[in-house]
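Report on the following structure.
What follows draws every value from the coordinates through simple rules; no lab data is involved. Note that the structure is a prediction, hence the values are computed from the model and not measured. Cβ sites come from the backbone with ideal geometry, for glycine too, and all protein chains shown count toward neighbours.
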Amino acid sequence: MTVYNFAAGPAVLPKEVLQQAAAEMLDWQGSGMSVMEMSHRGKEFLLIYEAAERDLRELLGVPANYRILFMQGGALAENAIIPMNLAGRKAQPATVDFINTGSWSVKSIKEAQKYCTVHVAAAPADGKFTTIPARASWKLSPDPAYVHICSNETIDGVEYHFVPDVAAETNGAPLVADMSSNILSRVIDVADYGVIYGGAQKNIGPAGLTIVIVRDDLIGHALSVCPSAFDWKLVADNQSMYNTPPTYSIYIAGLVFQWLKRQGGVAAIEQANIAKAKLLYDYLDGSGFYITHVEKECRSRMNVPFFLRDEALNDAFLAGAKERKLLQLKGHKSVGGMRASIYNAMPIEGVQALVAYLKEFERKHG
Ligand SMILES: *Cc1c(COP(=O)(O)O)cnc(C)c1O
């Protein structure tokens, strides 16, 4: 029976990528070394690094005036690194604007409060993270250092299906987006953003690598308290090798980028993601046995939280799923219920198998 892993992150990787990594584990392309054993400054690793950067740039259409940084610390470290790099563009203490749409926004807000004056420009009126406040209701500051959004709330299952235009109201403030869990899942125009960032372990590769895509003019303003290894200028000037980068994670990410190109790139995988999400949501919507809470216009294509109407059946549901090799479906503890994460590397067959199981379980217990 095929195993399908619905984990939210670290998450499923394309089987082909893992097979290639296994085949190259002891000897990367005749070098006699594992990628893990190579100097990050040696010619072999530089080939791996440069190809990964080039492929990511091509996949997302990253313009020439943006830098791609391969960092460490995950999105949570970046939640501090961003204010430390951007607040210095304004008189201190700088104001930064946040749109609060879920658990990851909340964490970003708490971290930024250490370095800036945080203004929450919008949050759901009922305090429940099941929607994105209408753009017209946002109360943006006149001159914030930046405006922060989380483009996909991994825990709550809320995703932006529009790009908020904030520049006119904010004296040209750059839009900063935490794209940890939907980067490369859909076509974006990088030029709409000042900074895009995310941990790799959702839709790119192994944990340990953090991707930052930042517009040139936003580099070089770090506060003096910013650790050197987190100063975007030092990182950019040293091709992400100011300190040792997470070499093996970059290698695997590079293999994922090549795999994604073979699938037809981001536009093609977006169509596949739309089809997978539709299959699952259509079934859940048509059933009285399962329920979802997120408003339809902002449902995530990547993370689908759902609930059994009778929560007393949760353990039986998860046990049956495990028997069918449908893994890691338990919802985040703060939300409860179930969550199916269906990232790029989840094939449609996995979603079909999940829907078949949902039906079977409903028939038996409904
Ligand atoms: C997983 C996740 C994070 C946390 O990332 P770390 O790599 O654990 O720091 C932050 N934001 C979003 C949207 C996430 O999905």
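Report the net charge of residues surrounding I196, where surrounding means a beta-carbon distance below 12 angstrom and charges are Lys +1, Arg +1, Asp -1, Glu -1. Mind showing how you got there, number by number?
Values: positive: R67, R215; negative: E78, D178, D189, D192.
Neighbour charge sum, excluding I196 itself: -2.
Quick one: pull the percentage of alpha-carbon pairs in region 266-366 with a separation above 19 Å. Intermediate values should be presented prior to the final figure.
Working: 1941 of 5050 pairs.
Roughly 38 percent, once rounded to a whole number.
Quick test of the membrane-span-like rule: which DSSP H helices of the chain reach at least 20 Å along their long axis (C-alpha atoms) with mean Kyte hydropathy at least -1.0? Don't skip to the end; give the middle numbers.
Working: long enough: 43-60 (26 Å, -0.10); 247-262 (23 Å, 0.51); 265-286 (32 Å, 0.22); 348-365 (26 Å, -0.24).
Length and hydropathy pass: 43-60, 247-262, 265-286, 348-365.
Give me the log10 of I(q) over I(0) for region 1-96 at q = 0.10, 0.13, 0.19 Å⁻¹, as the Debye formula computes it from C-alpha points; what are the numbers?
So the normalised log intensities are -0.48, -0.77, -1.20.
I need the shape label for region 218-290. Rule: rounded when a/c is under 1.5, else prolate if a/b > b/c, else oblate, with a, b, c from the alpha carbon gyration tensor.
Values: a/c = 3.42, a/b = 2.12, b/c = 1.61.
Since a/c reaches 1.5 and a/b is larger than b/c, the shape of region 218-290 is classed as prolate.
If you project the alpha carbons of region 277-327 onto the principal axes, what extent comes out on each, in Å, largest first?
33, 22, 15
Give the long-range amide H neighbours of R339: residues separated by 5 or more places, or on another chain, with amide H under 5 Å away, using H modelled in the peptide plane at 1.01 Å from N.
Under 5 Å from the amide H of R339: F306, K330, G331.
Based on DSSP, what percent of beta bridges with both residues in the chain are antiparallel, to the nearest 5? Write out the running numbers ahead of the final one.
On the way: 21 of 37 bridges.
So the antiparallel bridges in the chain amount to around 55 percent.
Against the globular-protein guess of 2.2 N^0.38 Å, express the Cα radius of gyration of region 201-341 as a ratio, rounded to two decimals. Show your work: numbers first, answer last.
Details: Rg = 20.5 Å, N = 141, 2.2 N^0.38 = 14.4 Å.
Ratio of Cα Rg to 2.2 N^0.38 Å: 1.42.
How big is the Kirkwood radius of the chain, worked out from every pair of different alpha carbons and given in Å to one decimal? Mind showing how you got there, number by number?
Details: mean 1/r = 0.0467 Å⁻¹.
This gives a value of 21.4 Å.
Rounded if a/c is under 1.5, else prolate if a/b is larger than b/c, else oblate: which is region 135-195, with a ≥ b ≥ c the root eigenvalues of its Cα gyration tensor?
On the way: a/c = 2.12, a/b = 1.61, b/c = 1.32.
Because a/c hits 1.5 or more and a/b exceeds b/c, region 135-195 counts as prolate.
How would region 97-189 be classified by its alpha-carbon gyration tensor: rounded, prolate or oblate, with rounded meaning a/c under 1.5 and the a/b versus b/c comparison settling the rest? Please list the in-between numbers first.
Values: a/c = 1.38, a/b = 1.20, b/c = 1.15.
Taking the square roots of the gyration eigenvalues as a ≥ b ≥ c, region 97-189 is rounded.
For a label point 7 Å from the Cα of H161 along Cα→C-beta, name the residues of region 283-325 whose backbone N is under 13 Å from it.
Output list for this probe position: 294-302.
Once every DSSP H run of n ≥ 4 in the chain is given -39500 (n - 2.57) and the sum is divided by its residues, what mean residue ellipticity at 222 nm do you get, rounded to the nearest 500 deg cm²/dmol?
Working: 9 runs with 122 residues, N = 366.
Calculated mean residue ellipticity at 222 nm is -10500 deg cm²/dmol.
Using 0.36 nm per residue, how much length does the chain from H365 to L223 gain when fully extended, once their Cα-Cα distance is taken away?
Details: separation 142, 0.36 × 142 = 51.12 nm, distance 5.83 nm.
Answer, rounded to one decimal: 45.3 nm.
May I ask for the Rg/Rh ratio of region 182-237, computed from Cα atoms with Rh as the Kirkwood radius, given to two decimals?
Details: Rg = 12.9 Å, Rh = 12.8 Å.
Rg/Rh for region 182-237 comes to 1.01.
Quick one: which residues, 5+ away or cross-chain, put their amide H under 5 Å from the amide H of N303? H built at 1.01 Å from N.
I342
What is the Rg over Rh value, at two decimals, for region 39-163, using alpha-carbon atoms and the Kirkwood definition of Rh?
Details: Rg = 17.3 Å, Rh = 16.6 Å.
Using Cα coordinates only, the ratio equals 1.04.
Can you give the log10 of the normalised intensity I(q)/I(0) at q = 0.09, 0.11, 0.14 Å⁻¹, computed with Debye over equal Cα scatterers of region 142-269?
Those come out to -0.30, -0.44, -0.73, one per q.
Spelling out what I want: for every residue of region 202-213, take phi, set θ = phi - 60°, compute 6.51 cos²θ - 1.76 cosθ + 1.60 (Karplus), and round to whole Hz; glycine and proline get x.
Couplings: 9, 10, 10, x, x, 4, x, 10, 10, 9, 10, 10 Hz.
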